[in-house]
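Each value in this text was obtained by applying a stated rule to the coordinates, not by laboratory testing. Everything numeric here is computed off the predicted structure, so don't read it as measured data. All Cβ positions, glycine included, derive from the backbone under ideal geometry; neighbour counts span all protein chains shown.
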Amino acid sequence: MIKNQPLVFKHQAAKGKPENIIHKDSYCPFCDVKNLQNIIDQQEDRIWLVNKFRTLEDTFQTVLIESSNHNGGPSVYSVEQNRQVFSFAFNCWQRLINSGKYRSVIMYKNFGPQYGGSFAHPHFQIVGLDNYDVYQNIKHENLNGKICFENEDVSINISTQPIIGFLEVNVRISSISAVKFLADAVQKIIYYVLNDYNNGRCHSYNLFFYQMDDGIYCKIVPRFPTSPYFVGYKIPQVHDEKWLDRIAGDLSKLLSSIQ
């Protein structure tokens with residue numbers, strides 16, 4: 001397969017798909033639990049199901065509904081609920097990987113008006129790609145950088161070679177058994193992104209997950225309108241060293257309570 005071939009979007013499959021990011025009072029299919037179909041697994045109010053609107057060719061698209069709370073998410077969950085959501089999501093992700101049906105399986109989460117999606121209700125997406133090896137596009141240098149916190153369970157850094165920029169925070173655990181530490185760290189970083197980063201002007205983010213040879217990573221990316229340098233030239237940008245040091249210091253203080 002030629003590197004970076006685009007995935008093909010099926011416009012007809014998206015026909016009739018609802019939206020409640022901009023139109024906040026619109027119908028939410030994730031709240032309408034009694035009419036959900038093709039449920040794969042369920043744990044209390046956490047539901048993993050086949051995506052009704054499968055818009056990408058040569059993929060198996062699934063959605064994981066995190067909670068019955070339409071306005072939920074890591075920034076408002078208790079520590080225990082957030083750990084349960086991440087544990088369930090990681091188990092579902094691993095199950096799809098273990099099926100052996102796909103060349104690669106990706107998991108990611110969207111939040112906010114600029115994340116690039118349709119539904120406000122908190123959810124993950126887990127997608128099996130028939131022919132695409134996503135790891136041909138991701139290098140270790142994209143997941144490494146300036147360390148801002150580290151202990152025996154979790155390591156956290158700010159990318160100095162980001163995929164898109166400006167700020168990308170990477171959380172690494174050695175195995176899925178340490179997922180609760182990743183969940184705690186991500187929860188605190190999301191709080192920082194939504195309340196303190198860029199003077200509180202960030203209202204959207206993405207979470208991306210990777211299984212690498214040295215562990216499992218979550219990349220937290222605050223979302224703004226994408227830089228024209230990246231859109232037109234694939235050139236990422238990163239904060240200068242002084243500003244990176246300041247952010248690393250802020251995160252180090254915030255993350256010091258992880259245990």
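Things worth noting here:
- Max mean-square fluctuation residue, GNM over the chain, Cα-Cα springs under 10 Å, options Cys28, Cys148, Cys218: Cys28
- Longest site-free stretch - the chain; sites: GluC sites (Glu not before Pro), DSSP loop, at most 16 other Cβ within 10 Å: 153-259
- Additional length obtainable on full extension of the chain from Lys234 to Asn69, 0.36 nm per residue less Cα span: 55.7 nm
- Inter-site label distance for His140 and Arg54 at 7 Å from Cα along Cβ, in nm: 3.7
- Put simply, the amide H of Asn51, placed in the peptide plane, has neighbours under 5 Å in Gln61, Thr62, Val63, leaving out anything fewer than 5 places away on its chain.
- By the beta carbon rule, with partners counted only under 4.7 Å, the chain holds these lone Cys residues: Cys92, Cys148, Cys202, Cys218.
- Under the membrane-span-like helix rule (DSSP H runs whose alpha carbons stretch at least 15 Å along the helix axis, mean Kyte-Doolittle hydropathy 0.5 or higher), the chain yields 179-195.
- Out-of-range pairs (alpha-carbon distance over 31 Å; input Lys101/Lys219; Lys34/Lys219; Lys52/Lys253; Lys180/Lys234; Lys101/Lys188): Lys34/Lys219; Lys52/Lys253; Lys180/Lys234; Lys101/Lys188
- Reported label for calculated percent of Cα pairs over 27 Å apart given (i) 36; (ii) 57; (iii) 44: (i)
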